[in-house]
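Bear in mind that the values in this text are calculations on the coordinates, not laboratory data. Predicted model only: the values in this text are computed from it and were never measured. For neighbour counting, all protein chains shown are included, and Cβ atoms are generated from backbone atoms with ideal geometry for every residue, glycine included.
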Amino acid sequence: MDIYRDTIIELYKTPLNKRRIEEADITHSGANVTCGDRVRIYLKLDKAGSEGVIGDASFEGEGCAISIAMASLLTEELKGVRVDEVLKWDQETLFDLLGTEVGATRIKCALLPLETIQKGLTGAA
Amino acid sequence: MAAATALLNLKKDFPLLVNEPTLVYLDSASTALKPRAVIEAVEEYYTNYSANVHRGLYDLSERATAAYEGAREKVRTFIHAGSSREIIFTSGTTASINLVALSWGRSMLKRDDEIILSILDHHSNIVPWQLLAKDIGCKLKFIDCDSKGRLKLDQLSKLLSRRTKLIALSHVSNALGTINQLTTLTQKAHAIGAKVLIDAAQSVPHMPLNVEHLNCDFLAFSGHKLGGPTGIGVLYAKEELLKQMPPVFGGGDMIREVHTDHSSWNDLPWKFEAGTPPIAQAIGLGAAIDYYAKIGMSKVRAHEHALTEYALKKLAELPGLTIYGPADAAEQSGVISFTLEGVHPHDISSLLNEEKIAIRAGHHCCMPLMDRLKIPATARVSFGVYNSTEDIDRLIEGLKKVQKIFKV
Ligand SMILES: Cc1ncc(COP(=O)(O)O)c(C=O)c1O
């Protein structure tokens, strides 16, 4: 599968932004019970600039290569983006970030971090 | 390899494997592939006598009824039940267990009665009892297992009380393959007047089984794990219990007389089979039983034992591979659960899929067991009569490739 490229494996083994943000404005947890994937996301809103821009983003959790790589890429991409923009992101955004599509059997793994972020954002808004 | 003589060579009997010769199917614990004889029996019914049963006064219906009831008789012989009145067709193991909970459980149990389950059990032997417990206020207790997934049956005396009314547990663990020894447990349960239900979904298809020797009160299994169609399963129960139990579903076939103000029930086993039953599925199950009976269940077990021994040895040679379960072919059926260090089970399964190797990854419908073992998921391989040592060699090659991709 195209998804298991070296870059994805690297992100799985040494994820980006895998840390806790102590003074986060939003934290939210999500899980795929069937797989045993769990993520917790931390978002810090940038109050200095225009309201509702994501200043810092991070995650903690355990899961498969797809969900962990996805969480890495997403938290990286989020920084500096307006909240209402993030709420519009969908599957296609994720495929662009990953550089490949994900098939039906694994789509839930790829979606978990984004769904968790969006739920955190709407819950907090 | 000493055990080589035990190995069967049956791939040719399975059309799916004939059509997909490069497929390595290692997920029989989930559902088993169908032998040609089963597909033909179902096709024969639909093509030449697809009438309803127990009603039509014409030849086709008579033939369908004979085939449907003939399948029941095959089940009876296969599991060595005393009477075909004790064989109820359901839609599967899940339905069989729910039937016991809804009928026997609701009518016989009271508030504060206790049911003992095991931590190895499939959700389908946990959730029906939780629903019942919520409904009537009875209590659930669990027999624990050790780190190798073996039940701590020595704890049983502590768990049993005069309130214990039922012990319900799996014969073979679908997640780890552990074969539970149930004779003493059944004796202890009966000594205090409790009943025993055995979830035999993973044992009936893989080893000789005799309900009279087991002396269980209820036993449930699914046709599809034995190479039969989906949508058919069996509940065996002792006749004296079935006589006392009220029906759960009402409708056609399960009644003797219906009046506007009351009805009376049909004889056993039909009292529990409301509506048009899964006729083709039962006939298909009968054909599956013929197929397995002809091989002989001791030979099936010997074949899967030999494969398990071979696979356990090969898997243990891979660095970073941890086996969950007894890791001893004498103590487990043809099911092996494992993890690979540095690779999530879902990634293992996806990458093996690329090599046309079908395995399962996840919690295997055993979330309490995964919690107990403190792991989120495992990869699981499980064998059937059609597997070979070559399949296991392909698995090992596949796993080495996974390790290479993940650089572990
Ligand atoms: C031990 C055990 N019990 C019950 C079941 C449920 O069987 P079914 O889904 O056919 O009702 C399974 C199937 O996965 C099983 O392995």
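Too long at a 21 Å Cα-Cα cut-off: which of B:LYS152/B:LYS313; B:LYS356/B:LYS400; B:LYS294/B:LYS356?
Details: B:LYS152/B:LYS313 26 Å; B:LYS356/B:LYS400 15 Å; B:LYS294/B:LYS356 30 Å.
Over 21 Å Cα-Cα: B:LYS152/B:LYS313; B:LYS294/B:LYS356.
What full-extension length gain, to one decimal in nm, is calculated for B:ARG162 and B:GLU62 as 0.36 nm per residue of separation minus the Cα-Cα distance?
Extra length available between B:ARG162 and B:GLU62 comes to 31.1 nm.
Which of the helices in chain A meet the span-like rule: DSSP H, Cα axial reach of 15 Å or more, Kyte-Doolittle mean at least -0.5?
Passing helices, by number: A:65-78, A:107-124.
Whole-Hz ³J(HN,Hα) for each residue in the range B:168-185, computed from phi via Karplus 6.51 cos²θ - 1.76 cosθ + 1.60 with θ = phi - 60°, x for glycine and proline: what do you get?
Those phi angles translate into 10, 7, 7, 6, 10, 6, 6, 8, 10, x, 3, 8, 8, 8, 10, 4, 5, 4 Hz.
Using a Förster distance of 22 angstrom, determine the FRET efficiency expected from the C-beta separation of A:GLU62 and B:GLU341, and round it to 0.05.
Efficiency, rounded to the nearest 0.05: 0.95.
Using unit Cβ charges (K, R positive; D, E negative) and no other charged atoms, how large, in debye to the nearest 20, is the dipole of the range A:2-124 about its Cα centre?
With Lys and Arg at +1 and Asp and Glu at -1, about 360 debye.
Go through B:ASN19, B:ILE87, B:ALA71 and say which Cα lies farthest out towards the positive end of the charge dipole of the range B:9-119; charges sit on Cβ, +1 for Lys and Arg, -1 for Asp and Glu.
Of B:ASN19, B:ILE87, B:ALA71, it is B:ILE87.
Once you wrap a convex hull around the alpha carbon atoms of chain B, what is its projected area averaged over all directions, in nm²?
Numbers: hull surface 83.2 nm².
For chain B, the mean projected area of the Cα convex hull comes to 20.8 nm².
Using a basic spin-label model with each label point 7 Å from the Cα along Cα→Cβ, how many nm lie between A:ARG5 and B:MET108?
Calculated label separation equals 6.2 nm.
Using Cβ counts within 10 Å as a stand-in for footprinting exposure, how do B:ASP146, B:ASP253 rank, fewest first?
Details: B:ASP146 9, B:ASP253 17.
Neighbour counts put them in this order, fewest first: B:ASP146, B:ASP253.
Which lysines, on any chain, are close to B:LYS243 with Cα under 17 Å apart, when same-chain ones fewer than 8 places away are left out?
Result set, ordered by chain and number: B:LYS195, B:LYS271.
So for B:ARG55, B:ARG72, fewest C-beta neighbours within 10 Å to most, what's the order?
Working: B:ARG55 13, B:ARG72 22.
Placing the least packed residue first, the sequence is B:ARG55, B:ARG72.
For B:HIS259 and B:ASP290, compute 0.36 nm times the residue count separating them, minus their Cα-Cα distance, and round to one decimal in nm.
7.0 nm is the gain from fully extending B:HIS259 to B:ASP290.
Can you list the lysines whose alpha carbon sits under 17 Å from that of A:LYS88, skipping same-chain ones fewer than 8 residues off?
In chain and number order, the partners are A:LYS79, A:LYS119.
Using a basic spin-label model with each label point 7 Å from the Cα along Cα→Cβ, how many nm lie between B:SER83 and B:ILE192?
Going from the B:SER83 label point to the B:ILE192 one covers 3.0 nm.
Computed FRET efficiency, Cβ-Cβ of A:LYS18 and A:LEU87, R0 30 Å: what is it to the nearest 0.05?
0.80
Loop-only chymotrypsin sites (Phe, Trp or Tyr not before Pro) in the range B:33-75, please: DSSP not H, G, I, E or B, and at most 13 other Cβ atoms within 10 Å.
Hits after loop and neighbour filter: B:TYR58.
Could you identify which residue out of B:ALA81, B:ALA377, B:ALA330 has the top mean-square fluctuation in a GNM of chain B using Cα springs shorter than 10 Å?
Checking each option, the largest mean-square fluctuation is seen for B:ALA330.
Can you give the Kirkwood hydrodynamic radius for the protein assembly as shown, in Å, rounded to one decimal and based on Cα pairs?
Mean inverse Cα-Cα distance, inverted, gives 25.5 Å.
Distance from a point 7 Å along Cα→Cβ of B:ALA316 to each backbone N in the range B:116-157: keep the residues under 20 Å and list them by number.
Answer for the range B:116-157: B:146-151.
Using alpha carbons only, how many degrees (0 to 90, rounded to 10) separate the axis of helix B:345-354 from the longest principal axis of chain B?
80 degrees
According to the Cα gyration tensor, what semi-axes, each the square root of 5 times an eigenvalue, does the equivalent ellipsoid of the range A:18-125 have, listed from largest to smallest in whole Å?
22, 15, 11
Counting only residues 5 or more places away or on other chains, whose amide H sits under 5 Å from the amide H of B:LEU140 once H atoms are built in the peptide plane?
For B:LEU140, whose amide H was placed from the backbone, the distant partners under 5 Å are B:ILE115.
What number, rounded to the nearest 500 deg cm²/dmol, is the helix-based mean residue ellipticity at 222 nm of the protein assembly as shown, given -39500 (n - 2.57) per DSSP H run of at least four residues and division by all its residues?
-11500 deg cm²/dmol
Pulled fully out, how much extra length does the chain show between B:GLU354 and B:GLU73, if you take 0.36 nm times their separation in residues and subtract their Cα-Cα distance? Display every interim value, and only then the final one.
Working: separation 281, 0.36 × 281 = 101.16 nm, distance 4.31 nm.
Once the chain is fully extended between B:GLU354 and B:GLU73, it gains 96.9 nm.
Report Rg (one decimal) and Dmax (nearest whole number) for the range B:20-150, counting Cα atoms only, units Å.
20.2, 60
So what's the angle, to the nearest 10 degrees on a 0 to 90 scale, between helix B:127-136 and the longest Cα principal axis of chain B?
40 degrees
Compute the acute angle (0 to 90°) between the alpha-carbon long axis of helix B:36-48 and the principal axis of greatest extent of the alpha-carbon atoms of chain B; round to the nearest 10°.
Taking Cα atoms only, the helix is inclined about 40 degrees.
Counting other C-beta atoms within 10 Å, which of B:ILE283, A:ILE26, B:ILE255 has the fewest, and how do the rest follow?
Ordered from fewest to most neighbouring Cβ atoms within 10 Å, B:ILE283, A:ILE26, B:ILE255 come out as B:ILE255, A:ILE26, B:ILE283.
Build a GNM of chain B with springs between Cα atoms under 10 Å: which of B:GLY275, B:GLY384, B:GLY149 gets the top mean-square fluctuation?
Largest GNM mean-square fluctuation: B:GLY275.
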